Amino acid sequence: MIKQRTLSSITKKVIMSLAGLFLIIFLLVHLGINLFLMPLTENHKEIFELLAGFMATNPVIKVMEVFLFGGFIIHIIYGIIVQLQNWASRGNVRYKSGSKTNTTFSSQYMIYTGILVFLFLALHLYQFYFIKLGLNSTTFIDEHGHPEFFNVAVQLFSTQPVYSIIYIISFVFLGFHLDHAFQSAFQTLGWEHPKYTPFIKALGSIYAIVVPLGFIIIPLYFMIMK
């Protein structure tokens, strides 16, 4: 029974790690598109709308979108289950005084940063994805009946400082979450080696800083330049 539970726990961690790596790749794509909200080029708005429209209408992307949402759900659910199993397996050990560990802030509070990121994700999806259903009063619709994501994003970041601040804080927490999640995913999948692990850890730390910072720069730009 114990062995079966151990295998079940390992399976959940592997699935959670694979879903997490899929989301890590998605974040890079998402950031690449969002950066065109800023005037990186003269026709940045057209580029953003073209990329956003492609992501919203291409049938292949629509199929990938299902996997994306599935990845989010699996990662969140299994993350909570694994954390609860870890707490249950420790019993009262984690309450003993004087037992200090070398765990980092990122690893120690993974479940909490994950929950905060999930709450922001729910707000973010409401603001952008569900405008297609007319649930957002700030909806912009073009002559073809398609939502104008560029104008929605600019309007939010320029006129809603509370949303922008929540956005920035959420990506700070995401950075802490990614700092441990990146290397942990490779470790769970068995890609651990004295020669390569330091590189993976360093790459994960760089990713956890650069990608969230890229997202944070966007609302800061509109808050300062409005």
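Bear in mind that the values in this text are calculations on the coordinates, not laboratory data. Source: prediction; values computed, not measured. Positions of Cβ are backbone-derived with ideal geometry, glycine not excepted, and every protein chain shown enters the neighbour counts.
At an R0 of 35 angstrom, the distance between the Cβ atoms of residue 224 and residue 81 translates into a FRET efficiency of 0.25.
Each label was represented as a point 7 Å from its Cα along the Cα-to-Cβ direction; for residue 111 and residue 199 these points are 3.5 nm apart. Each residue, residue 169 and residue 54, gets one label point 7 Å from its Cα in the Cβ direction; the gap between the two is 3.6 nm.
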